[in-house]
Amino acid sequence: MTTETLLWLLPLPPVLAFFLIILFTYRSKSFSHTIAVGAALLSFFGTMVVFFRAVQVSHLGDHPFATSIPWFPTGSTWFNVGMLVDPLTAVTLFFVAWTVLMIFIYSVGYHNFGQPQGDHDRAGLPPHGATVQDAHGRKHRVPSVEPMYSRFFAFIGLFAFGMYLLVLSDNLLTLFVGWEIMGLCSYLLIGFWYGKPSARAAMIKAFLTTRVGDVFMLLGIVYLYSMTGTLNFREIMHNPETLNMLAGTPSYIAGLSAAGLIGILLFIGTIGKSAQWPLHVWLPDAMEGPTPVSAMIHAAAMVSAGVYMVIRMYPIMSAGMDVGHGLTPPMLFMAIIGAFTALFAATIAVAQNDIKRVLAYSTISQLGYMIAALGIGGFVAAAFHLVTHAFFKALLFLGSGSVIHGMEHGVHHTGDHHIDPQDMTHMGGLRKKMPVTFWTFLIGGLALAGFPLVTAGFWSKDEILADSWAHAPLVFIVLALAALLTAFYTMRQITMTFLGEPRSKEAGHAVESKWTMTLPLVILAFFAITFGWLGIPEGFPLIGGIVPNWIHEFVGGTLLEHPPALGFSWVPLLTSLVVSLGGLALGYYVYRGVRSDEKDPVEGALGASLYRLLKNKYYFDELYQAIFITPAYWLAETFTSLWMDQKVIDGILHWFAYISGVIGNFLRNAIDKPIINGSGDMVSEGAKKAGGSLKTIQTGRVQQYMILALVSLAVFGAFFFYLVKMR
Amino acid sequence: MQFPILSFIVFTPIVSGLLIFLIPADRKTEARVAALAAGLLALLLSIWAYFSYDVAAGGYQFVEQYTWLPMLGISYHVGLDGMNAPLVLLTGIVMFTGVLISWGVDDRPREFFGFLFILATGVFGVFVALDLFMLFFFYEIAVFPMYLLISIWGWKVTREYAAMKLTLYLFIGSVVALVGALAMYFVSGLGTFDMIALEQAGFSPEFQRLVFPFVFFGFAVLGGIFPFHNWSPDGHVAAPTAVSMFHAGVLMKLGAFAALRVGIMLLPEGAKAHMWWIILLTLVNVVYGAFIASVQSDFKYVIGFSSVSHMGLVAMGFATLNKAGMLGAGIQMFSHGVMTALFFAVVGMVYDQAHTREIPNLGGFRKAMPLVAVAFIVGGLVSMGMPGFSGFVAEFPIFMGLWGTYPWIAIAAAISIVVTASYIIRIIGNVFFGKLPDAFEGHIRDVNALDKVALVFLSAVLIIVGVYPSIMVPMVESGVTYILRLLGGA
């Protein structure tokens, strides 16, 4: 099969699985997951074939795999849609295929396949567990299977389709289609347990917040299309004339070129999708969905899509950046938002006790790194971190799901349902109970913290730090601080969860998860280490150049001009070593002996009020409620609906009706009755008589009326015909 | 002589409506079956006309012209072009599905279907009319049965008020438009009502600027333009389900289409002079309608105001006077028509079971009527402008056209996209998901097979146009090209 044909087929299996499951197999759990996992496998194998073919092409950036067909006509030409694999697509596809497949397999175990039906489980609520009798007649509480098992696999199938479509698109429009499909799926999946009010609130919040960004992105697309007449990536990005034209045309905002405004509008879409400040509020609440969904949204697909899009649009973002001119407005904007978000989210993560929420804020923070990297021109670094982050963050999320599962086992054992299985203060000592989960989670955590030399996170983060040191020292300082906090809260999480002694009976009775859950962890842990070795800078002391810096060579080729490799500098390297090792050590020492009834040491160090501020996420939810949601409702309800529409517009109408009533009464009572009626009575008397004689034909039967009507119609018709003939 | 397909389309409903009147009143099933047969016939005829239109040739096709009152220059003159062909198809679709979901009407179904079909003839007539007098004639035929349908079969609480309000607004609108039309007739000096002739009348710019507002606003009242939109939500809510479908799905397009056909196409200079402030009014429509929709607690009022908002987009697209905007508006008329018919069908189905439309009192209907929930979600995605559905094919060009002329208005109008998403999501969440109120437990039955056919059919149309836009875009484009020639543009 040619690679081009294969490109068209890649996204199809998951969407076919979606339709097969909802139409035919939704009653059978095993059929449904077989279809879904099989579809993910097909796409996976296809992707690997494409990936390895792509790697073998020299100068893939100049000769990408591309294929397109006409979709809808626009005047004289057609709008073409197609598939494109250039180096950036190839590496993105690589991690998407792996993580998606792992998440699909993991979901089988996560939703308790093979367990009995729950005693009181209902669709729309998480499974509560079932009671089984063993051979000795003793009753046990065991986890029960998810009541909407098949539906889950249908939805993540559609989700995966959205991501494949987005990554493979050769134009902004189909990318946007994939983007919106994922938005829809995240809505459906965050609210998967729609019986919980918090899940319903979270699904709405996620959808609407990202939608705000989407609107700006759509305007950016519209603007770009009206300027260039195409949305094809190659035609825009690989065309210096187009880029110069965009950079040279002033936009509607003074001082901003068309490229600048388009770049900013598109980037606002990413702020929503990749949960950057100030549209970050939806992402932590999205934890309401099942954990595989969290991994899908936070690592494999949705938030990565936001970053992927801006990396893809980088030539527009940077259009007009001549040497010495400094950053373009969109890049400056990205650098500020990204660096700020990286630090801001890291501070919140320090004070969270929910195991998934810590990861959620760390995702926001890490995405901020990528955005900041792109903002200062680190194209390759951003792409590199995107890939490594996808691997280790998927690993961490799936690991946390495994921990929660283990804790739920404990909860079923003790029967105390007031213990929140996601609260880290109840955990501790899980390393002995759940060894595979522990070791893989440790690897993921160390990668996140940037543990030197071994982990993938170190190499990609180091690249970002090196880039920022070279181009924007201020950004470098902010990112280094964020890295310190990252290492600290990661170790805090690992220590509270796995190390020390169990802090609750439930933690003492936790058990390791099944192989369907642990196998994906092991595979992702492999990539969380090794993928970084593909991007070791050539100039790195001792080990640089042993493994060629393949990432830089390959991904850099996406751009029209290959970005120059950065010279080596000790400052970022030493900083990176100090912050990661220092943060990890600090986290361990502070938290190693904390008991469950003790106050969080961070609270002691920061003071109660600052701690509360962090714990409550700087009160952003409350702030948005006060400044956006309440006024919007006031505007809609009080001003527009009640005052303008019902009072003013209808009021005028009713006033007219009233006035005409008054006039009518006046005419009737003052003129009509005394003056006209007097003379009219004579006429009406005559009419009454005529009516009396005509009354006989009023039989009240519609059929007769109808015949009468037809006859008169014929008579009148003949009369008119006669008139016409006469002329 | 070629087969007079347009006349067949126009007169099939009224003839079958009159024949239905001949069926005895107590033979309700016979009346329904006859209505369904007629609806199916009209649908097939309109599909046939739509697909036999030759896009490559463009212009007016299937033209029929018979002199009627030659001394006044009135003739029966009809034709199909790229602009009205989708609307004829839309009317066929709404008529057919309207009959399907009205199977349960038990109060004098014979008269109900009879009046509904008279209305349909009026609608078909306006869309294909090429004679100004005929256009008015059919227009009044379409408006009049509406009064009876709402005041007899409507929602008991508001039907008198709403029917009267609607009729007054629309008649006053048409009188104002008639003044403009008569002015054109006399000033042109051609002694004809034929619109093809009047297009070439060469009215002076001063005259056009003077008369344009009469014609445009007279008709745009029926398109629900701000601040003359208030008849529409009240009317939608009071009307029985099939009539709401007709009302919002087709009748509002009548207003927008007539404003285009008579206003913009006959008085292009007037259009150019007045458009800058009309576009501001339509912006109010779009944003204001969406905001009001978002706070209504009555399910049907939400959809009613969403129509105000979406029809604002249609008028906005026309008001750009450029190719992309008008193309989008043309598709939006079709897309919104099908979508809103689907919405009102769903509202009716929920109401039939729950006997309330208060959103806070509903919930969990997904379980009892899954297909209805899916259909509503499809409609919701269309109204949010999701790619892959017809709403996107319509809204994307509108925003393109808008960006080219008034970028700030495009940004302001984009607010409505978010607000639309919020109220659609709220309905999906509160009506179809969530918990079924205890009072409804065991009382909610699924819809019948005919309803399902209607829902699937409407949803399928929305998806087909979204996935395969080539089925409609080139056709509308050919219609827009003709209009742009009249406007003196490219």
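A compact table of results
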read-out: Residue (of B:L362, A:L453, A:A300) at the positive-pole extreme of the protein assembly as shown, dipole from beta-carbon charges; value: B:L362
read-out: The range B:383-490, dipole about Cα centre (Lys/Arg Cβ +1, Asp/Glu Cβ -1), debye to the nearest 20; value: 140 debye
read-out: Span-like helix ranges in chain B, DSSP H, alpha carbon extent 27 angstrom or more, Kyte mean at least 0.5; value: B:28-52, B:109-128, B:132-153, B:159-188, B:268-295, B:299-320, B:323-354, B:407-427
read-out: Partners for B:K28 among aspartates and glutamates (Cα-Cα distance below 15 Å; same-chain residues under 8 apart left out); value: B:D106, B:D107, B:E111
read-out: Chain A, Cα convex hull volume normalised per residue, Å³; value: 302 Å³
read-out: Semi-axes of the equivalent ellipsoid for the range A:111-151, Cα gyration tensor, largest first, Å; value: 21, 10, 6
read-out: Per-selection Rg to Rh, the range A:517-561 - Cα, Kirkwood hydrodynamic radius; value: 1.15
read-out: Length gained when the stretch B:E140-B:S470 is fully extended (0.36 nm per residue, less Cα-Cα span); value: 115.4 nm
read-out: MRE, 222 nm, helices only [DSSP H, n ≥ 4, -39500 (n - 2.57), over chain B, to nearest 500]; value: -23500 deg cm²/dmol
read-out: Whichever aspartates and glutamates have a C-alpha closer than 20 Å to that of A:K461, once near sequence neighbours (fewer than 8 apart) are set aside; value: A:E538, A:E553
read-out: Residue order, fewest to most beta carbons within 10 Å, for A:M309, B:M164, A:M434, A:M334; value: B:M164, A:M309, A:M434, A:M334
read-out: Separation in nanometres of the label points that stand 7 Å from Cα toward Cβ, at A:E538 and A:L581; value: 2.9 nm
read-out: The range A:1-137: projected area of the alpha-carbon convex hull, averaged over directions, in nm²; value: 13.2 nm²
read-out: From the C-alpha gyration tensor of the range A:387-463, square roots of 5λ in Å; value: 29, 11, 9
read-out: Filter on A:K205/B:K435; A:K205/B:K253; A:K196/A:K505 - keep pairs with C-alpha separation over 30 Å; value: A:K205/B:K253
read-out: Space enclosed by the convex hull of the alpha-carbon atoms of the protein assembly as shown, per residue, Å³; value: 199 Å³
read-out: DSSP H segments from chain A that extend 27 Å or more along their own axis, Cα-based, with Kyte-Doolittle mean of 0.5 or above; value: A:29-56, A:87-110, A:149-168, A:197-228, A:329-350, A:355-375, A:379-414, A:473-498, A:570-591, A:702-726
read-out: Residue-count net charge about A:P64 - beta-carbon cut-off 9 Å; Lys, Arg +1, Asp, Glu -1; value: -2
read-out: Where labels lie 7 Å past Cα in the beta-carbon direction, separation of A:W550 and B:A183 in nm; value: 7.6 nm
read-out: Reachable lysines, given that their alpha-carbon falls under 18 Å from the alpha-carbon of B:K323 and they are not under 8 places away in the same chain; value: B:K272
read-out: Peptide B:424-434 - average C-beta neighbours from other chains (10 Å radius); value: 3
read-out: Cα-based radius of gyration of the range A:183-284 once divided by 2.2 N^0.38 Å, which approximates compact folds; value: 1.35
read-out: Computed over the range A:297-434, Kirkwood Rh from alpha-carbon pairs, angstrom; value: 16.8 Å
read-out: Percent of Cα pairs exceeding the 21 Å cut-off, where the set is the range A:517-620; value: 65 percent
read-out: Residue-averaged beta-carbon neighbours from other chains (10 angstrom radius) around A:215-223; value: 6
read-out: Cα-Cα over 24 Å, subset of A:K432/A:K617; B:K300/B:K367; A:K433/A:K599; B:K156/B:K367; A:K273/A:K356; value: A:K432/A:K617; A:K433/A:K599; B:K156/B:K367
read-out: Shape parameters for chain B, alpha-carbon atoms, Rg then Dmax in Å; value: 21.2, 70
read-out: Within-12-Å neighbourhood charge of A:S150 [Cβ basis; K, R +1; D, E -1]; value: +2
read-out: Charge sum, other residues only, whose C-beta stays under 10 Å from A:A382's C-beta, Lys/Arg counted +1 and Asp/Glu -1; value: -2
read-out: Projected area averaged over orientations for the range A:328-606, convex hull of C-alpha atoms, nm²; value: 14.7 nm²
read-out: Stokes-Einstein D for the range B:286-440, Kirkwood Rh over Cα pairs, 20 °C, 1.002 mPa s (µm²/s); value: 137 µm²/s
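All of the numbers you see were taken from the coordinates with simple rules; none came from a lab. Note that this is a predicted model, so its numbers are computed, not measured. Note that each Cβ is placed from the backbone with ideal geometry, even for glycine, and that neighbours are counted across all protein chains shown.
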